[in-house]
Number of protein chains: 2
Amino acid sequence: MDEFALIRRHFAGLSGAGATGVRLGVGDDAAILVPPAGHELLMTSDTLVAGRHFPVDTAAFDIGWKALAVNLSDLAAMAAQPLWFLLALTLPSSDDESWLAGFADGLGRLARDSGIALVGGDTTRGPLSITITAVGSAPAGTALRRDGAQSGDVVCVTGTLGDAALGLGRLAAVATAAGAQTAADIAELRARLDRPTPRLAAGLALRGLASAAIDLSDGLAGDLGHVLAASRVGAAIDADALPMSDAFARQTEALERLALQAAGGDDYELCVCIPAARLQAAQIAVTAAGSQLTAIGVITAEPGLRWQRRGHPIEGPQHGYRHFEAAAAHG
Amino acid sequence: MDEFALIRRHFAGLSGAGATGVRLGVGDDAAILVPPAGHELLMTSDTLVAGRHFPVDTAAFDIGWKALAVNLSDLAAMAAQPLWFLLALTLPSSDDESWLAGFADGLGRLARDSGIALVGGDTTRGPLSITITAVGSAPAGTALRRDGAQSGDVVCVTGTLGDAALGLGRLAAVATAAGAQTAADIAELRARLDRPTPRLAAGLALRGLASAAIDLSDGLAGDLGHVLAASRVGAAIDADALPMSDAFARQTEALERLALQAAGGDDYELCVCIPAARLQAAQIAVTAAGSQLTAIGVITAEPGLRWQRRGHPIEGPQHGYRHFEAAAAHG
């Protein structure tokens, strides 16, 4: 099967025939797209490399899902409506049809759920790697940025933190000898790693309410650090306020939680800064959008990230996961 | 050096500060871009993998140049004005600062020459691979597509064909024992492989004149085949009419030329179909745009690609280079 037939067979169902603003989708030198009038476009590219961004034993469905999810998470953090994406897929071999079918299935499931259309891309042979470029839109001036946080804003996060990092680290050690509750917990934590849910509805709900936002891909400490640097402010964060799932609570000791929740990465939740007067409205809006919003600290005029427990300063992570510093592959 | 510092140091000069429509460039979860009113957007993604799309000994400058050039060539074929691009760079190691500097230099040279701004992307560690997503614009309805060719149209190509394929195939065998003329020819042919010139000005000059267009990346036979399939027509092409460079003419025998010129790939010239009445105007416009336009055949109602010499049918290539069929790496 040649590369053109391969693309046609597995990705035809994802192409944006009839999708918003798609004048010409997959199959020419470039897609022809009609941007929505009066809107700005949000564009982001993220690459997943096998053995680095996902364990090599990850199911094809989950790789397809996650490759799109990490890009949609960036759009969510900008409060953008997803429109179109391009897929650059580098495959070691075209022999494994079932892998491709699974990959396209996972990618397609999330694409349909999110209302985003595949409009182009490239397929080539080489070490397994997926780069997706996603495009969204927002009415001019409404996109959420990193540089708008103000002293006094409440720092909040959606969902729960640390699940994916725990799911990655503990799997090998515990899975074989697990009881029923632990096995169920592991499955739930692993799902958080493999099939993160981009918080698109929450991001849209925060338009006009949040002063700054970022998605949590490298861990809270590092990602919040980007907001603080861009906004030229600091933050005081309560380590005990970080929201955790029941599975995470059951499978961790208190002392190990902060590292997993603040420096583990792969959460794909949103971290947002919200003026105190709008906090309640934001929490109601995010709950209505199917997520929850937990206050974890406050923005300060004094620079730097400071950690607290019950009002007392503690040592805590200052950096997230960094690809170019990690000695070993992330998984 | 962490990945953020690495990106800042080497790519800061390419970011679209002050570029057209860039409200927020590199450094947030997504770029914020303002599409030109009344225009459609053209979007394309292309990946280069080391050892497949360029020889492993290719200079960093040339890799940076070519990674952008192949995308700009797609925009050229659509008659689009370049606007913005995103760079997804996967690097085996961050230790080699001089490689990164060279890569950014080559990428930046072509970006500035083409008026396209770097607005985002991703940097990660893994086997060397570069995916660029390029965005251009064209007044609504003016983009050139593959599906507009009509029976009777003249088939034309810009520039010369076969140089890159010859530069790739002959280098190892001849370079060491070459005389001065041959050495100069090899350098010229290798430059065509390593630093292709996207025919952006020619593409823009063909707006309103061409009925269909495609860029030649996999070789004339395969790429023209895409136009014929999309337009539901055929073509009769004169093998002797294919334009060749002086270096190519000197370094080839007559019998080997057709395979190199029609199935060798990596030309990054444009193949366009033009109604006969507009041919002269198109040739003048493309010459004014710094290239040349050579008539090589005619579109026919009868499907299929037919090769001729002096009016007589001959056997000729029917396919271009295909990544998923090639047994060995392309280089």
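The values are calculated or read from the model by the stated rules, or taken from the named source; none is laboratory data. Bear in mind that the values here come from a model prediction, so they are computed numbers and not experimental data. Note that each Cβ is placed from the backbone with ideal geometry, even for glycine, and that neighbours are counted across all protein chains shown.
Return the residue satisfying two criteria in turn: it lies in the range A:184-201 and is modelled with pLDDT under 95 and hydrophobic (A, V, I, L, M, F, W, C), and of such residues it is nearest to A:HIS53 (Cα to Cα). So the residue we want is A:LEU193. Each residue in the range B:118-174 was checked for being crowded, with 23+ Cβ neighbours inside 10 Å, of a type in the set (Gly, Ala, Ser), away from chain A (no Cβ under 14 Å) and farther than 21 Å from B:HIS226 by Cβ, and 1 pass. No other residue among B:ALA221, B:ALA187, B:ALA205 is small (Gly, Ala, Ser), assigned by TED's automatic domain parsing to the domain that holds B:ASP246 and free of Cβ contacts under 8 Å to residues at least 12 places away in the same chain apart from B:ALA187.
Taking into account only those residues within the range B:221-244 that are surrounded by 15 or more Cβ atoms within 10 Å (Cβ to Cβ) and of a type outside the set (A, V, I, L, M), which is nearest to B:GLU188 (Cα to Cα)? The extreme case among them is B:PRO243. Out of B:PHE61, B:PHE11, one residue alone is modelled with pLDDT of 95 or more, more than 8 Å from every other protein chain (Cβ to nearest Cβ) and under 26 Å from the mean Cα position of the chain (by Cα). It is B:PHE61. Restricting the range A:11-51 to residues that are in contact with a Gly (Cβ under 6 Å, 6 or more places away or on another chain) and part of a loop (DSSP other than H, G, I, E, B) leaves a set whose member that is surrounded by the most Cβ atoms within 10 Å (Cβ to Cβ) is A:GLY16. Here A:ASP57 meets each of (1) over 26 Å from A:PRO196 (Cβ atoms); (2) free of Cβ contacts under 8 Å to residues at least 60 places away in the same chain with one exception, condition (1). Could you look through the range A:251-278, keep only residues that are assigned to a loop (DSSP other than H, G, I, E, B) and small (Gly, Ala, Ser), and pick out the one that is nearest to A:THR158 (Cα to Cα)? Restricting to residues being assigned to a loop (DSSP other than H, G, I, E, B) and small (Gly, Ala, Ser), the top hit is A:GLY265. Per the listing B:ALA76, B:ALA59, B:ALA88, the residue uniquely closer than 27 Å to A:GLY21 by Cα, assigned by TED's automatic domain parsing to the domain that holds B:PHE11 and in contact with a helix residue (DSSP H, G or I) (Cβ under 7 Å, 6 or more places away or on another chain) is B:ALA76.
Kindly provide the set of residues from the range A:245-271 that are closer than 30 Å to A:LEU204 by Cβ and surrounded by fewer than 20 Cβ atoms within 10 Å (Cβ to Cβ), ordered by number. Correct list: A:SER245, A:ASP246, A:ALA249. Is it the case that some residue within the range B:227-240 is closer than 23 Å to B:THR182 by Cα and touching a residue at least 24 places away in the same chain (Cβ under 8 Å)? Scanning the range B:227-240 turns up no residue that is closer than 23 Å to B:THR182 by Cα and touching a residue at least 24 places away in the same chain (Cβ under 8 Å). When the range A:279-316 is filtered for residues that are over 22 Å from A:HIS226 (Cα atoms), in contact with a strand residue (DSSP E or B) (Cβ under 9 Å, 6 or more places away or on another chain) and in a strand (DSSP E or B), only A:ARG309 remains.
Scanning the range A:69-104 for residues that are in a loop (DSSP other than H, G, I, E, B), modelled with pLDDT of 95 or more and within 8 Å of another protein chain (Cβ to nearest Cβ) returns A:MET78, A:ALA80. Of the numbered criteria (1) in contact with a strand residue (DSSP E or B) (Cβ under 9 Å, 6 or more places away or on another chain); (2) at positive phi, the one A:LEU258 fails is (2).
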